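The values are calculated or read from the model by the stated rules, or taken from the named source; none is laboratory data. None of the values given here were measured: they were computed from a predicted structure. Don't worry about glycine lacking a Cβ; one is built from the backbone with ideal geometry, like all the others, and counts go over all protein chains shown. Side chains included, ligands, DNA and RNA excluded: accessible areas come from the protein's heavy atoms. Shrake-Rupley method; radii C 1.70, N 1.55, O 1.52, S 1.80 Å.
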Amino acid sequence: MAEFDIAKISGLSQEEAEAKLARDGYNELPSAVKRNAFAIAYDVIKEPMFLLLVACGSVYLLLGSPQEALALLGFVFVVMGITFYQERKTERALEALRNLSSPRALVIRDGEQKRIAGRDVVVGDIIVLAEGDRVPADANLLSSSNLHVDESMLTGESIPVNKIDDKRVYSGSLVVQGYAVAKVTATGTDTEMGKIGQALKIITPESTLIQKETKKLVGNLAVIGLLVALLVIVLYGLTRGDWLQATLAGITLAMATLPEEFPVVLTVFLALGAWRISKSEVLTRRVPAVETLGSASVLCVDKTGTLTHNKLCVSELFANTQLYDAENPTNGLPENFHQLIEFGILASQKEPFDPLEKAIKDLGTKTLTGTEHLHKSWSLVREYPLSKKLMAISHVWRSPVGDNYVIASKGAPEAIADLCHFTKEQNEKLAKDIEEMAERGLRVLGVAKAYFKLGKEIPEVEHEYEFEFVGLIGLKDQIRESVPLAIKECYAGGIRLIMITGDYPSTARNIAQNIGLTLTGNIITGSQLNQMSEVELRKKINSVNVFARVVPEQKLRIVEALKANGEVVAMTGDGVNDAPALKSADIGIAMGQRGTDVARETADLVLLDDDFSSIVKAVKIGRRIFENLKKAVSYIFAVHVPIVGMTLIPVLFRWPLILAPIHIAFLELIIDPTSSIVFESEPAEPDIMDRPPRHLSEPLFSSRTVGFSLLQGAMVLVILLAVYYTSTFYYAYSLAHSRALIFIVLVISNLSLILTNRSWTKTAFSRLETPNKALWWVLAATISLLFLVLFVPFLKSLFLFSSVGFADLLVGFIAGGLSIFWFELIKFKKTLKF
């Protein structure tokens, strides 16, 4: 395709783009149908708890108790409201993630290149495409170089299309080689993809290990609960002869045993967890990653752009045996180094986007403007892209004057030396020069030049040119200020850090020292890695945490070796060739700013700011999510024990029934929002990053967690039975009076269980210093509702209570608080570790 000067393109103005976006709508195809308010309400109506409440209301109507029936109907709407709120909050979180996960596009607007969400691309936009990019919209090519596009999503043809003759690219296709500049002609449903009507789903629901574990548990508990409820109905009916009351007793028990909170808790925790992680500049593309994050034991990270800013500047120049400090120039750039920058620029894009090429051009603009070494009028004739065989880029230029093509090449110094056909002695001298620059933490680039007679056929391979070595360019990349502290957190949390870089070992060693990465063994290079067997690599990788001169394809071997050793691996990557390693890793993390669309689509997480410290924050949030899940699960198990016990025991011993469906419904108002909202909002404990990662196979419902939870609930049940027995058989309280006292103890015990399960290492009193707004709302609302049902005559009658006095309240509050005293005492003595 003809030479095209991207510098002359200004593209749309921001105002024009916004106007077109408002007129045409977002550049997106119809995705999965979003759950609206009616859909959520319908799902709530199908919930077992809702159906049980309706069934209870029907029985009360048959018994001639319309007040109780209406009260239960009121609870139906309250429970629906709470569930609806939880579902809507979850949907909003997922919608926010869908918007964040929109593919990106590099556009030219107001004369500047900028990254925007793919959904914001409009007709008329100028888009810049590079290897690994997903084409955001249908467009006509303005310029391209060696462009090959995978259009299999559109045509079904797996072989990439060479865009030599075809001047169009289509939305959804993938650039597998080369680069291009194109003008958008259609967006959204007007694209070829849109006409086909294929629905694209950015975030797809996936069942996590915990969700599968929970589904199995809920199913088992539901079956057991229903069987026991049926048994209660039969026993009550046969022994007391009142089958309607027997049905109520059975429904009450079913409501008490139904573990409907578990699925809600998991849905809310995972969805809001992903949303919280996004607030730390990490996008969750796959929900299971939220669950896995807290188990990460090894973080494999790229140096460039993750540990560093990826904002390069030329620090040193080496040419003709002379070294020049480019950061502190004196009296301009010496003539000896003019050609080095001249050919470095010629081997780069005219309007570079790559930070490395930008740094070289910036130095040239500052030092060579007004000289004969900058060539804006030259035409690019041929480009030889970077390849696995030759890690160098070469450009063939034609000057308006002269009878030769001018060829400029830049790349790995070894590749440049190969092009220049260096002797053994020259290679040894070059290696020494490179080592000295690398020891100062510089990224080293080689530059070469060649000339070729006009009129001859341009060679297909670069080796046919007679290259001459020009020199070395040393570039510095500043370390991110947040990295050293983040690495300390990793070490404190038992997380091993492995740095992988394409730089020389000396450069890697310098960076490691500056960021606080402790070298645990020798640095392994890419060439050494190739010579190792899988068994040898698995053995050596236990004592190595820096890999240098590594190409992307070798990352997969590193990941597989670590996984084979039982590690839970998080791997970062940004290029097309990183995709296999990202997919193989337990947690694949793509770069959001400089990463290709292929890497983003393969990864589990996308690092929106490319900052290593954001990964550590995400790991911390992942640990917090799992810990809070365990707290919520502990609370749910514990709180159901006394409710089930006070429902079942009176039936078995032929005592008067204490709890009715209306009491269970009231308690649901506490259990639902507490287990899903309060515990999800619970801040991380201070020492959460001072513990080793949990094992990936550690179950949420471990025997230890469930055991202590059931013990908590059993202690509450013992106190309730003691209060019931004392009040009924010792003090001869009426049934209504005993029921009111038992209900006070049960509610206060419930709140006590909330407070004690906020932490299994700190006392409930000390944990009060940690803010949790949702907790205080639940506590205040519960106490207020309790006093309403105890002292408002209509509600008191509805709940089958008699009047209570100050002494009853005192006994209820003390007994409810005592139910967790034993657990608080254990925590106080610090004999229990969570």
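Residues are listed down the side, and each one gets a yes or a no for (1) at pLDDT below 85; (2) out of contact with any Pro (no Cβ under 8 Å at 6 or more places or on another chain); (3) of a type outside the set (A, V, I, L, M, F, W, C):
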| site | (1), (2), (3) |
| --- | --- |
| Lys617 | no, yes, yes |
| Thr647 | yes, yes, yes |
| Val651 | yes, yes, no |
| Leu659 | yes, yes, no |
**OP:** Give the residues of segment 560-589 that are closer than 13 Å to Ala296 by Cα and hydrophobic (A, V, I, L, M, F, W, C), sorted by residue number.
**Re:** Leu562, Val568, Val569, Ala570, Met571, Ala585, Ile587, Ile589
Original post:
Conditions: (1) modelled with pLDDT of 90 or more; (2) surrounded by 16 or more Cβ atoms within 10 Å (Cβ to Cβ). Ile814 meets all but one. Number of the miss?
Top reply: (2)
Subject >> When residues of segment 608-650 are limited to those that are open to solvent by 10 Å² or more (accessible area, probe 1.4 Å) and among the aliphatic types (A, V, I, L, M), the one nearest to Ala296 (Cα to Cα) >> reply: Ile621
**OP:** Go through segment 12-45 and give me each residue that's modelled with pLDDT of 65 or more, within 25 Å of Met193 (Cβ to Cβ) and either in a loop (DSSP other than H, G, I, E, B) or hydrophobic (A, V, I, L, M, F, W, C) (or both).
**Re:** Leu12, Ala17, Ala19, Leu21, Ala22, Gly25, Tyr26, Asn27, Glu28, Leu29
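Residues checked against (1) more than 19 Å from Val633 (Cα to Cα); (2) more than 41 Å from the chain's Cα centre (by Cα); (3) in a helix (DSSP H, G or I):
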{"position": "Val745", "(1), (2), (3)": "yes, yes, yes"}
{"position": "Leu751", "(1), (2), (3)": "no, no, yes"}
{"position": "Leu755", "(1), (2), (3)": "no, no, yes"}
{"position": "Ser759", "(1), (2), (3)": "no, no, no"}
{"position": "Pro771", "(1), (2), (3)": "yes, no, no"}
{"position": "Leu825", "(1), (2), (3)": "yes, no, yes"}
Subject >> Selection within segment 789-798 - surrounded by 12 or more Cβ atoms within 10 Å (Cβ to Cβ) and of a type outside the set (S, T, N, Q) >> reply: Val789, Leu790, Phe791, Val792, Leu795, Lys796, Leu798
**OP:** Please list, ordered by first then second residue, the pairs with beta carbon atoms under 7 Å, 6 or more apart or interchain, first in segment 649-661 and farther than 14 Å from Leu720 by Cα, second part of a loop (DSSP other than H, G, I, E, B).
**Re:** Ala660/Leu800
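What number of residues within segment 817-834 satisfy the criterion of being without any contact (Cβ under 8 Å) to a residue 24 or more places away in the chain and surrounded by fewer than 12 Cβ atoms within 10 Å (Cβ to Cβ)? Can you show your working first?
Of the residues in segment 817-834, the ones without any contact (Cβ under 8 Å) to a residue 24 or more places away in the chain are 821, 825-826, 829, 831.
Adding the requirement that they be surrounded by fewer than 12 Cβ atoms within 10 Å (Cβ to Cβ) leaves 825, 829, 831.
Result for segment 817-834: 3.
Output the residues belonging to segment 466-495 that are in a loop (DSSP other than H, G, I, E, B) and either in contact (Cβ under 8 Å) with a residue 24 or more places away in the chain or crowded, with 22+ Cβ neighbours inside 10 Å (or both).
Answer for segment 466-495, where residues must be in a loop (DSSP other than H, G, I, E, B) and either in contact (Cβ under 8 Å) with a residue 24 or more places away in the chain or crowded, with 22+ Cβ neighbours inside 10 Å (or both): Phe467, Arg480, Ser482, Gly493, Gly494, Ile495.
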Original post:
Leu696 fails exactly one of the following numbered conditions: (1) of a type in the set (A, V, I, L, M, F, W, C); (2) open to solvent by 30 Å² or more (accessible area, probe 1.4 Å); (3) in contact with a helix residue (DSSP H, G or I) (Cβ under 6 Å, 6 or more places away or on another chain). What is the number of that condition?
Top reply: (3)
Subject >> strands (runs of 3 or more DSSP E) within segment 496-597 that include 1 or more residues over 30 Å from Phe353 (Cα atoms) >> reply: 496-500, 569-573
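Yes or no, residue by residue, for (1) in contact with a Leu (Cβ under 7 Å, 6 or more places away or on another chain); (2) modelled with pLDDT of 85 or more; (3) closer than 29 Å to Leu753 by Cα:
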| residue | (1), (2), (3) |
| --- | --- |
| Glu567 | no, yes, no |
| Met591 | yes, no, no |
| Gly622 | yes, yes, yes |
| Phe626 | no, yes, yes |
| Ser634 | no, yes, yes |
| Pro642 | yes, yes, yes |
**OP:** Working only within segment 270-289, note down all residues that are farther than 15 Å from Leu608 by Cα, open to solvent by less than 10 Å² (accessible area, probe 1.4 Å) and of a type outside the set (A, V, I, L, M).
**Re:** Gly273
Original post:
Residues of segment 290-317 being under 16 Å from the mean Cα position of the chain (by Cα) and open to solvent by 10 Å² or more (accessible area, probe 1.4 Å), which ones?
Top reply: Glu291, Thr292
Original post:
Are any of the residues in segment 669-683 assigned to a helix (DSSP H, G or I), more than 30 Å from Ser797 (Cβ to Cβ) and not polar (S, T, N, Q)?
Top reply: yes
Original post:
Between a first residue in segment 401-414 that is over 11 Å from Phe467 (Cβ atoms) and a second residue that is surrounded by fewer than 20 Cβ atoms within 10 Å (Cβ to Cβ) and among the β-branched types (Val, Ile, Thr), which pairs have beta carbons less than 9 Å apart while being 6 or more apart in sequence or on different chains?
Top reply: Tyr405/Val381; Tyr405/Ile458
**OP:** Hey, can you tell me all the residues within segment 336-354 that are open to solvent by 20 Å² or more (accessible area, probe 1.4 Å), over 38 Å from the mean Cα position of the chain (by Cα) and either over 19 Å from Val406 (Cβ atoms) or of a type in the set (A, V, I, L, M) (or both)?
**Re:** Asn336, Ile345
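Being open to solvent by less than 10 Å² (accessible area, probe 1.4 Å), at pLDDT 85 or above and touching a Leu at 6+ places or on another chain (Cβ under 8 Å) narrows it down to one of Ala182, Ala105, Ala139, so name that one.
On the way: Ala105 fails: touching a Leu at 6+ places or on another chain (Cβ under 8 Å); Ala139 fails: touching a Leu at 6+ places or on another chain (Cβ under 8 Å).
Just one listed residue meets the conditions, Ala182.
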